[in-house]
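For reference, the structure is listed below as structure tokens.
FYI, it's all coordinate maths here, none of it is from the lab. What you see is a predicted model, and the numbers here were worked out from it, not measured in a lab. Methodologically, a virtual Cβ is constructed for each residue, glycine included, from the backbone with ideal geometry; neighbour enumeration extends over all protein chains shown.
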Ligand code: ADP
């Protein structure tokens with residue numbers, strides 16, 4: 001097992017990884033920008049190294065500084081968290097070339113899944129159903145027109161190198177296609193430096209359902225059930241739940257089994273998430289994330305596993321030690337992402353936190369790195385915490401969640417707590433009756 005792990009991240013996820021390591025008897029190294037000198041992940045780590053100025057490009061994305069910090073402190077392994085360098089295949093390779101263990105998948109798997117066309121092809125080859133569309137990149141408008149005619153409008157033009165919902169354009173009809181194709185290519189080039197695009201059938205009322213998988217270095221793979229992440233604003237997840245209110249046990253087992261088998265065939269290691277759109281009883285692969293997800297705690301709450309601990313264990317070469325048959329999913333969990341944003345306009349609201357009182361009690365977990373007196377810096381993502389609630393069933397979970405949102409006090413800044421309060425009172429949400437477009441309408445309704 002490792003003796004010292006460097007955590008190449010900040011905020012709640014850096015703290016989350018630190019906590020898992022501490023409980024395993026592993027020492028931790030925090031890295032931080034000058035803006036984060038007072039951050040909780042820095043205070044709690046055994047050692048801390050400043051790796052650069054506030055701008056992420058010069059600190060949390062600064063590969064030479066991070067590798068130097070690992071060398072100076074004698075770390076054995078590096079955990080990238082999510083965001084920042086977590087899906088950068090070159091970073092993962094460099095970590096390994098410098099003699100450290102990368103706590104995550106192989107650089108080749110990160111690279112493959114980072115190219116959405118290659119990912120879709122790999123999914124098809126391993127038996128995962130995909131959204132109908134082009135077989136690879138689409139080079140000309142004529143070709144796009146031909147494919148759209150075959151699969152039927154509306155269609156979605158997507159960037160091969162896409163991420164964060166950018167580089168996606170819908171064409172409702174033939175008349176829209178040329179423009180959508182051009183806009184998507186231009187956006188893909190400016191955002192990702194790669195203008196390659198492909199076409200998919202645009203599903204009109206799907207849910208976003210993703211399967212969590214976990215694999216060791218010895219070919220053992222399990223799935224940890226699914227999460228429903230359909231509640232999105234601008235393709236950003238707002239609230240996630242496990243299990244999905246839309247699936248029954250046989251669908252759950254089937255999609256989990258398909259995902260785990262595909263991962264076994266790929267020889268993948270570590271945690272990963274296979275994202276699907278689900279419509280009219282069918283699952284369609286959209287992409288795979290080769291890292292820990294923000295919403296991983298809802299899975300932990302229903303299956304009783306610490307996913308970060310498992311990631312660290314398998315990275316050190318330990319076998320899983322259990323099979324699919326040993327795993328049980330119990331109860332229901334919901335996560336609310338708490339952002340430092342105006343709950344109506346979604347304008348960021350950084351600043352100093354005044355009184356701070358997170359909710360507690362049975363089945364309640366708050367993953368956050370903020371504290372009373374903490375100044376939320378304006379340079380990074382606006383998510384400042386996650387409220388995760390578990391109950392014996394969805395109804396108990398919802399009752400508990402309402403109670404927690406009422407208790408939650410974060411003074412001094414604006415947060416999305418009022419948005420979540422409104423959401424958990426809505427009958428469609430309470431009935432689990434929503435798709436990926438539902439939240440946009442709900443947000444606009446006020
Ligand atoms: P990104 O990597 O940018 O997040 P994804 O492929 O994961 O892109 O898609 C993000 C979101 O866009 C999905 O969760 C879904 O809401 C929507 N989306 C993607 N593909 C389709 C599709 N074929 N039809 C309808 N919506 C889609």
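Working note: Debye formula, equal point scatterers on the alpha-carbon atoms of the stretch 27-97, no solvent; log10 I(q)/I(0) at q = 0.14, 0.25, 0.28 Å⁻¹ is -0.39, -1.29, -1.52. With the gyration tensor restricted to C-alpha atoms of the stretch 207-444, the semi-axes of the equivalent ellipsoid amount to 30, 21, 17 Å, longest first. Listed from fewest to most Cβ neighbours within 10 Å, the set 86, 190 follows the order 190, 86. Extension gain, residue 352-residue 194: 0.36 nm per intervening residue step, less the Cα-Cα distance, totals 52.9 nm.
Computed over the chain, the alpha-carbon pair-distance distribution with 20 angstrom bins reads 25, 60, 16, 0, each value a whole percent.
Sorted by packing (mean other beta-carbon atoms within 10 Å per residue), highest first, where do 242-252, 112-122 land?
So the peptides 242-252, 112-122, ranked by packing, come out 112-122, 242-252.
Rg and Dmax of the stretch 132-201, based on Cα coordinates, read 10.6, 30 Å. Gyration tensor over the Cα atoms of the stretch 85-182: the corresponding equivalent ellipsoid has semi-axes (square roots of 5 times the eigenvalues, largest first) of 33, 14, 10 Å. Remark: 174, 16 ranked as 174, 16, counting other beta-carbon atoms within 10 Å and listing the fewest first.
Per-residue ellipticity at 222 nm computed for the chain from its helices equals -10500 deg cm²/dmol, with DSSP H segments shorter than 4 residues left out and the rest contributing -39,500 (n - 2.57).
How would you rank 186, 299, 101, going from fewest to most other Cβ atoms within 10 Å of each one's own Cβ?
With the sparsest Cβ surroundings first, the list reads 186, 101, 299.
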